[in-house]
1. Applying the selection to the range B:156-176, what residues are within 11 Å of chain A (Cβ to nearest Cβ) and within 15 Å of the chain's Cα centre (by Cα)?
2. Residue check: is B:R61 outside any helix (DSSP H, G or I), surrounded by fewer than 19 Cβ atoms within 10 Å (Cβ to Cβ), among the basic types (K, R) and in contact (Cβ under 8 Å) with a residue 40 or more places away in the chain?
3. Test A:Q90 against the stated conditions and say whether it is of a type outside the set (G, A, S), surrounded by fewer than 22 Cβ atoms within 10 Å (Cβ to Cβ), within 14 Å of chain B (Cβ to nearest Cβ) and without any contact (Cβ under 8 Å) to a residue 40 or more places away in the chain.
4. Tell me, which residue of the range B:96-119 that is within 18 Å of the chain's Cα centre (by Cα) and under 13 Å from B:P64 (Cβ atoms) is farthest from the other protein chains (Cβ to nearest Cβ)?
5. Need at least 1 residues that are within 15 Å of the chain's Cα centre (by Cα) and charged (D, E, K, R) per element, so show me which helices (runs of 4 or more DSSP H) inside the range B:207-313 make the cut, counting only ones lying wholly within it.
6. Return yes or no: is B:A311 among the small types (G, A, S) and either crowded, with 20+ Cβ neighbours inside 10 Å or at pLDDT below 90 (or both)?
7. For A:S80, indicate whether it is within 14 Å of chain B (Cβ to nearest Cβ) and among the small types (G, A, S).
8. So in the range A:124-155, with the set limited to residues that are away from chain B (no Cβ under 14 Å) and among the aliphatic types (A, V, I, L, M), which one is nearest to A:V230 (Cα to Cα)?
Number of protein chains: 2
Amino acid sequence: MQTICVKTASAKYDVVAGSGLIGSLARRIEKIAGKLPRRVFVLTSAPIWGLWGQRVQQSFREAPVVLFLPPGEEHKTLASVEKLLRHMAQAGGDRGSLLIAFGGGIVGDVGGFLAAIFMRGIPYIQVPTTLLAQVDSSVGGKTGVNLPEGKNLVGSFHQPLAVFADIGVLGTLPDRELRAGLMESVKAGIIRDRALVRFMEEHADEVLGRDPKALEKVIAASIRMKAGVVNRDEREGGLRMILNFGHTVGHALEQATGYKTLLHGEAVGWGMVAALYLARQRGTISRAQFERLERLIHLYGPLPPLKLRAAKVAAATGVDKKNVGGVRRFVLPLGIGDAGVVEDVTAAELESAVRYTLGRSGERS
Amino acid sequence: MQTICVKTASAKYDVVAGSGLIGSLARRIEKIAGKLPRRVFVLTSAPIWGLWGQRVQQSFREAPVVLFLPPGEEHKTLASVEKLLRHMAQAGGDRGSLLIAFGGGIVGDVGGFLAAIFMRGIPYIQVPTTLLAQVDSSVGGKTGVNLPEGKNLVGSFHQPLAVFADIGVLGTLPDRELRAGLMESVKAGIIRDRALVRFMEEHADEVLGRDPKALEKVIAASIRMKAGVVNRDEREGGLRMILNFGHTVGHALEQATGYKTLLHGEAVGWGMVAALYLARQRGTISRAQFERLERLIHLYGPLPPLKLRAAKVAAATGVDKKNVGGVRRFVLPLGIGDAGVVEDVTAAELESAVRYTLGRSGERS
């Protein structure tokens, strides 16, 4: 078990990564928050709750009120939020209530947002059940939902009281989701942690084989990287921007495919390939580094093939919400284990990076 | 012109009260926020914008994007919020955008909430155009909307960059709204400012006659009282609770009348009568103080008559969201200019206070 402390301007809390956490969840929460309040809510999805609900519930003396969010990005909406908030009000929720988000990234984002806006803010706990949520979305306090106009356009920064990343629940995670989640760990290594890059290169079999020790090491290192960045920059003033490595083209790919054919981690995987190509062209990484890092991405693949036109993808980067005032920002690696932000990427550079990426997808499919 | 500084744990900003502010709004905002961003949004309502929109717009070099919220509590919903957020996204809003809430309390609450959750938070300016909004809702950073289950059950704490309370725009405010808004000033005096109580007693004619000097004095004193409380307690830990004087029964009256027959300030006026009666019964104010304060409330009336059963009103206090863990909290004045919170009000005490209030309403109607 490893504990990583997250410190932001507005809050301080622990992220615990280890095995067997959910069986003692109530006791662990009481250690942090004191006696449990009159109303504890659990937001989850039916498939996840079917697998783990009983074990979670057994740790509580009084059964929590369980709220269900149907699986799928299409339910990450203000309409779902309204329905759930009404349910909370009807069930007697008040300002002292506590919410536990038990599920993947969507449950975490929606659960955090419910906690952020119910009665103008109640405390909450993140219990991420996918690898992606464990290493990425459950740390940093970003919460929110989509609009028809774009993903995550609505939300709050609301830090949890604690995050419990239970490696045991990953046992039932589909292989594709495991691999997609590991893309965020690859990202963590490339932008901030050389040792993690090496570990993931050398222990791919154990990691993909879900060896608990190997997984704990990768997950804890990924969380530690993100916590380190968030600690210094809660609201994306500058440093936090580097966490978007692979995300500019990644989001464009998700958008161009209607959020249907790619998992988020897979889109980020291809987005990193594009960013690496751009970095190689600009000389911020060497040819050898480029090849080594692209190999690492495919080691944790396979990434699904892309059937898209380069111009369409390049155009889709224009609506990325990271573009403050219309500037096209890009995170590029500086060697291995460091990264910086550039704002002067031209349309031509972008298109050639996208073209390379689509070409690689064709070769590998 | 008077400037009151609000300092909370999360922000520091000025509330400016005076005449002729909206004609120089853009320049005033630039003095605080620097150069205006690419997209400035104004949330307002059609009647208010019809009266003052041109004057506001003339102060901007580039016309802001105007968003309209239909008047009425029934539009203070998540559905309205979603529509407005989509409009903002479609109009090219980004994280650097600025929102101006130009209108009464509902526009302020919804505008602040839009700013709190669009792109996980953008800066905003409050320009309250009703007396109630000027003295109460525009200070303190409370934002939000209603659910069918109750008022203001959803929202955020999000502090504005500045508040401009223009006394000039009160010229077109209906008399009934002016009087209702002044109930919050009466409240301010009772719980925290003896001098304001005296001023309002001695200058009722000037205040109700909209003499700018008298109004500025009452408005600035009310804002100063609220700012003083919010400065010490942003999130209603303890002290801020006293701002709810008159609101427990006030909210119950609003709810029992379906939010249709009473303005918020009027409900608070009757709620203060009930709380004063309770305080008198418990001896936290003398009989003379009770009579003096009740007289002051009616001086700024008339309050509309109430046609309700006492039991129904008393029951409606049970769902007040201030009741953490089911305790029935009440703010009671301690003499004139001070107040405290009690948690042990019995159902019988409450009912007799409500019965007195309904009786007074009958005598006066």
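The values are calculated or read from the model by the stated rules, or taken from the named source; none is laboratory data. Since this is a predicted model, take the numbers as computed values, not measurements. Cβ atoms come from the backbone with ideal geometry, glycine included; neighbour counts cover every protein chain shown.
1. Hit for the range B:156-176 is B:F157, nothing else.
2. No; evaluated as a whole, the condition is false for this residue.
3. yes
4. Here the answer is B:F102.
5. By residue number, B:212-232, B:247-256, B:264-282.
6. yes
7. yes
8. A:V139
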